[in-house]
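Q: Before anything else, here's the structure in question.
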Amino acid sequence: MSHYAAQEEVATKQKKKTGNNFQCIFPKKVAFREKDAGSKCVISMKANCTTIRDPRNLGHEKTFRFDLAYWSHSGFLRNTDGTLVPNGPDSRYADQKTVFCDLGQSVLDNALQGYNATLLAYGQTGSGKSYSMIGYGANRGIIPVICEELFRAIESNQDNNRCYQVTFSMLEIYNEQVTDLLSKTKKAGGLKVREDQHQGFYVDGLKLVPCESYVQIERLMEQGKKTRTTASTSMNSSSSRSHMVITIYFKQIFLEDDITKQSTIHLVDLAGSERQKSSGSEGDRLKEGACVNLSLTTLGNVISALAEATMGKKVLHIPYRDSVLTKLLQSALGGNSRTVMIAAVSPADICYEETLSTLRYAERAKKIKNKAVINASPTERLIKELKAENNKLLSRLAGLGKELRRLLAENELRIQAIQNTWEMQLQEARKEWEQQFAAITQERRMIQSFPYLLNINEDPQLSGVLKYFIQEGSSDIGKAPSNAITLRGLGILPKHATFTNFENKVLIKPYGKAKVVVNGVSIVTDTKLQYLDRLILGSNSGYLYIGFPAERGSEDISKFDYDFFQSELAAAEGFSVDKLGAISSKDGKPDPSVLAVFHDYIKLMPLVAEVNQMSEELSKDLRFELKVKNLALTDSRGYDLQKDIVVKVTSTKTQQVWMWSKSKFINRKFLMEELYQRFLDGDINFDHKSDPFWDPVEVIHLGSAHIWLQSLAYCMKLEEQTEVLDSEGAEEAVLMINITPCSSCGRPLTEEDIVIDPLELLGRNIVFQIHIQQCLGVRWLKEATNRGIQIGYCFYDVPQPLYTKPVWKSVNPVIDHKLQFVALNVSNEFLNYLQKNALVVDLWGLQDLKLTDSN
């Protein structure tokens with residue numbers, strides 16, 4: 001549970017009197033990023049009311065009322081077994097047990113009564129959805145506890161007059177494609193969702209596994225996690241963008257009453273909701289792929305339509321059919337199901353917009369009312385009637401014709417189909433259990449004998465799921481099936497590296513140009529591995545090396561998470577908080593805003609590595625680099641500008657350059673993933689306009705120069721030869737500029753016109769002539785001769801920036817830009833501006849429009 005420092009939870013409970021079927025809970029883990037960034041809590045709770053404050057306007061608050069509100073932001077401690085519990089009798093901390101008792105137990109009770117039940121978890125990535133649903137470490141979530149308690153209920157109610165059948169399925173919806181997480185084979189394009197007149201929408205070909213114990217379900221969930229992890233690595237996809245749906249089909253057969261109750265329990269961990277909001281960065285010509293957010297967008301539309309219908313408004317159409325998710329959950333959302341909705345929110349001020357959006361989303365969902373009914377059917381009665389009819393037929397069979405024989409055979413087949421389907425499925429499942437048990441036993445033996453690699457995933461739920469054992473001798477590793485260890489992932493070569501396990505030592509050696517990083521440093525020769533070394537193979541496949549049993553200590557390996565890997569890689573590349581200037585000279589504590597930029601940087605590092613790999617394989621001839629915008633730049637008063645992460649894109653063929661914002665880059669990466677998958681599937685037909693790697697050329701900000709204006713307040717001429725510094729503080733060019741005070745008739749003032757006190761200028765008219773003469777040694781123009789530059793600046797209250805004429809193909813371009821600025825009736829405000837401000841001159845890089853990169 002090292003990733004989870006705390007949680008924030010709010011809930012609404014089912015109102016039986018009104019028939020409202022939605023319960024909402026809002027759990028939150030406060031991530032290290034939020035703590036390090038100095039985030040403040042903007043959520044408060046009183047009874048069942050949840051209030052959120054606008055961090056930019058603390059007087060503006062909005063209150064939401066739900067049926068239950070759980071506080072998990074503070075007031076907890078960790079037990080010796082790792083569980084988080086309240087730190088005292090007065091603590092309002094809600095632990096996992098409390099949440100299950102209020103919400104999970106109601107889902108279970110509904111299923112036992114014969115109702116369909118659904119549990120949905122909604123919220124932004126990292127807000128605690130998966131923690132509440134699945135759990136982490138000793139803090140088990142609602143899903144495993146529901147499954148365990150279901151079998152306990154079966155055991156306590158077991159008698160001769162009642163039989164139980166439990167069937168389990170687990171699927172993932174990613175990009176509108178359905179993947180069966182329990183199947184060993186992957187179908188191209190995913191499984192199809194079809195519609196049946198009686199059962200509604202269903203997934204054709206989905207594996208349904210009968211289970212006799214919770215241990216079996218536990219193993220199935222582990223199997224599903226392994227499939228999900230492998231697919232995530234192989235497909236270069238993010239689990240935060242996929243929906244996971246676990247379905248339990250629970251059948252109760254009451255022999256005395258000849259009645260069967262059938263309950264379907266849907267347990268759904270939805271994709272991160274922030275994708276819905278940020279699908280396509282502002283101003284980007286391309287928006288996120290239609291399938292990426294379709295399910296969440298449609299889910300919102302369905303909830304809004306159902307809420308309006310509940311309030312008595314006329315709704316002509318509810319768009320269940322617009323996405324795979326809403327098709328499969330049609331009954332749960334607005335039909336025959338008792339449904340709980342968990343909505344996860346963050347209490348941190350930096351997540352204010354997402355949190356407010358989630359609260360509003362849940363408020364709409366709370367208005368929906370379903371009409372659930374007990375699903376009882378006379379299956380056993382039908383079997384008895386068929387048997388009775390067969391007995392009558394048998395008594396009349398002698399001497400009768402073929403028709404009665406045919407009816408008898410048909411009835412026998414119907415009875416066999418009803419009775420034997422479950423037993424046959426159970427028999428097949430038992431064979432698989434035996435195979436899985438043998439595999440688990442073998443894995444345990446190998447753990448005690450060999451060193452191995454443990455996968456590290458961005459999603460903590462998927463970390464530590466896969467183990468790759470390094471046996472004695474030489475073992476090749478790569479994506480080719482012939483290797484001793486087969487890995488899938490972006491940038492993994494067919495033959496990527498070799499492990500040598502000899503005399504209790506393990507060495508790794510890359511093949512050719514294969515990328516292998518050990519503890520943040522790229523290697524090219526044999527390298528000995530030590531216990532808990534960190535390996536990155538290919539673009540971003542991370543593994544923790546677990547050495548020989550004799551090497552292993554009692555260290556807490558949970559600290560070696562995904563962020564640890566990326567921070568180590570950043571440090572090896574020379575990027576650190578210190579470099580960002582985060583240490584304050586006053587108290588020595590990091591600047592929270594700079595820490596936030598640092599965390600954004602390490603978050604984007606693996607994404608940039610993946611995009612560079614895709615660019616290489618797709619022959620796009622583009623190189624992507626992370627840059628910190630305004631790292632060393634200040635405003636006209638000398639105050640640091642807001643730092644942010646940008647991605648520099650350079651064409652290695654034409655030397656054209658683009659600067660993408662963080663949101664634009666993330667948007668484009670999603671589209672690149674889709675394009676790359678099409679490429680892997682053999683589809684390479686895409687037009688130029690929809691290519692996410694391509695953009696029209698743009699103007700690039702190269703740097704700024706500051707000319708302090710204090711001398712002008714004394715009517716002294718400024719003659720400057722000053723550096724133009726880029727975002728990182730490196731010299732981009734040298735700027736030659738003069739600013740000359742003049743009389744109202746335009747005559748340059750002389751030494752005789754110098755004033756001792758700037759107040760002497762009050763009420764006078766004065767003219768300033770700005771003359772930008774030349775730029776020297778422009779690096780932008782040295783790198784490519786077909787480029788140009790242009791200079792822009794703002795002076796005092798001029799409403800729009802002023803620009804020089806473009807100059808092309810000269811390393812030392814002559815600008816010769818002159819402009820007169822007339823100050824009428826000089827005021828104190830203007831004099832203050834001259835004494836405390838600088839003229840900020842921006843250097844812009846121009847690119848040849850004729851050079852269109854056809855990547």
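The values are calculated or read from the model by the stated rules, or taken from the named source; none is laboratory data. Keep in mind that this is a model prediction, so the values were computed, not measured. Cβ atoms come from the backbone with ideal geometry, glycine included; neighbour counts cover every protein chain shown. Surface areas here come from the heavy atoms of the whole protein model, side chains and all, with no ligands, DNA or RNA. Shrake-Rupley method; radii C 1.70, N 1.55, O 1.52, S 1.80 Å.
Q: Give the share of C-alpha pairs in each 5 angstrom bin for the range 489-566, from 0 to the last occupied bin, in whole percents, shortest bins first.
A: Whole-percent P(r) values from 0 Å outward: 3, 15, 25, 24, 19, 10, 3, 0.
Q: Still on this structure: How big is the C-alpha Rg of the range 148-269 next to the rule-of-thumb value 2.2 N^0.38 Å, as a ratio?
A: Numbers: Rg = 16.4 Å, N = 122, 2.2 N^0.38 = 13.7 Å.
In units of the 2.2 N^0.38 Å rule of thumb, it is 1.20.
Q: Moving on. For the chain, give the percent of accessible area contributed by carbon and sulfur heavy atoms, probe 1.4 Å, rounded to a whole number.
A: Here carbon and sulfur together make up 49 percent of the probe-accessible area.
Q: Using amide H atoms built 1.01 Å from N in the peptide plane, name the residues 5+ places from residue 493, or on other chains, whose amide H lies under 5 Å from its own.
A: Those lying under 5 Å, H to H, from residue 493 are 479.
Q: For the range 303-378, divide the Cα radius of gyration by the Kirkwood radius and give the resulting Rg/Rh value with two decimals.
A: So for the range 303-378, dividing Rg by the Kirkwood Rh gives 1.06.
Q: Per residue of the range 39-56, in order, report the coupling 6.51 cos²θ - 1.76 cosθ + 1.60 (Karplus, θ = phi - 60°) as ³J(HN,Hα) in whole Hz, putting x for Gly and Pro.
A: These are the phi-based 3J(HN,Hα) values: 5, 10, 6, 10, 10, 9, 9, 9, 6, 9, 9, 10, 10, 10, 9, 6, x, 8 Hz.
Q: Give me, ordered by chain and number, the residues 5 or more places off residue 633 or on other chains with an amide H under 5 Å from its own placed amide H.
A: Amide H to amide H, under 5 Å and 5 or more residues apart or across chains, residue 633 pairs with 641.
Q: Quick query: amide H of residue 456 versus all other amide H atoms, modeled in the peptide plane; which residues come in under 5 Å with a sequence gap of 5 or more or a different chain?
A: For residue 456, whose amide H was placed from the backbone, the distant partners under 5 Å are 464, 542, 543, 544.
Q: Compare the peptides 308-320, 781-793 by average per-residue count of other Cβ atoms within 10 angstrom and give them in order, highest first.
A: Packing order, densest peptide first, comes out as 781-793, 308-320.
Q: Based on alpha-carbon centroids, what's the gap between the range 172-209 and the range 719-766 in Å, whole number please?
A: 72
Q: Here's another thing I want to ask about it. Could the peptides 336-346, 670-680, 80-90 be put in order, highest first, of the mean number of other beta-carbon atoms found within 10 Å of their residues?
A: Top to bottom by mean Cβ count within 10 Å: 336-346, 670-680, 80-90.
Q: Quick one: compute a quarter of the convex hull surface over the Cα atoms of the range 553-695 and quote it in nm².
A: That works out to 12.8 nm², a quarter of the Cα hull's surface.
Q: If one computes P(r) from the Cα atoms of the range 29-147, what percent of pairs lie at distances over 19 Å?
A: Result: 58 percent of Cα pairs exceed 19 Å.
Q: For the chain, with the dipole built from +1 on Lys and Arg beta-carbon atoms and -1 on Asp and Glu ones, taken about the Cα centre, which of 619, 788, 749 lies farthest toward the positive end?
A: Comparing the listed Cα positions along the dipole, 619 ranks first.
Q: Next question, about the same structure. Going highest first, how would you order 101-109, 293-301 by mean Cβ packing within 10 Å?
A: 293-301, 101-109
Q: Taking a probe of 1.4 Å, how large is the accessible area per residue of the chain, in Å²?
A: Solvent-accessible surface per residue comes out at 47 Å².
Q: Each residue of the range 355-362 in order: what ³J(HN,Hα) in whole Hz does its phi give by Karplus 6.51 cos²θ - 1.76 cosθ + 1.60, θ = phi - 60°, with x for Gly and Pro?
A: 5, 4, 4, 5, 4, 5, 4, 5
Q: What label, among (i) 35; (ii) 29; (iii) 52, belongs to percent of Cα pairs over 52 Å apart computed from the structure on display?
A: Label of the calculated value: (ii).
Q: Something else now. Identify all aspartates and glutamates with a Cα-Cα distance to residue 327 below 19 Å; exclude those on the same chain that are fewer than 8 residues away in sequence.
A: Answer for residue 327, where 19 Å is the Cα cut-off: 172, 176, 180, 195, 196, 204, 269, listed by chain and number.
Q: Expressed as a fraction of 2.2 N^0.38 Å, the rule-of-thumb size for a compact globular protein of N residues, what is the C-alpha radius of gyration of the range 696-855?
A: Its radius of gyration relative to the 2.2 N^0.38 Å reference: 1.17.
Q: Can I ask one more? Report, in debye and to the nearest 20, how large the dipole of the range 104-252 comes out about its Cα centre when Lys and Arg carry +1 and Asp and Glu carry -1 on their Cβ.
A: 520
Q: On to the next question. Among 119, 52, 75, whose Cα lies farthest out toward the positive end of the dipole of the range 51-131, if unit charges sit on the beta carbon of Lys, Arg (+1) and Asp, Glu (-1)?
A: Value: 52.
Q: To continue, here is another question. Please state the charge dipole magnitude for the chain, taken about the Cα centre, from unit charges on C-beta atoms (+1 on K and R, -1 on D and E), reported in debye and rounded to the nearest 20.
A: Dipole magnitude for the chain comes out near 2660 debye.
Q: Sticking with this structure for a sec: Can you work out the Karplus-derived ³J(HN,Hα) for every residue in the range 791-807? Use 6.51 cos²θ - 1.76 cosθ + 1.60 with θ = phi - 60°, whole Hz, and x for glycine or proline.
A: Residue by residue, the range 791-807 yields 10, x, 7, 10, 10, 6, 9, 4, x, 10, x, 9, 10, 7, 6, x, 10 Hz.
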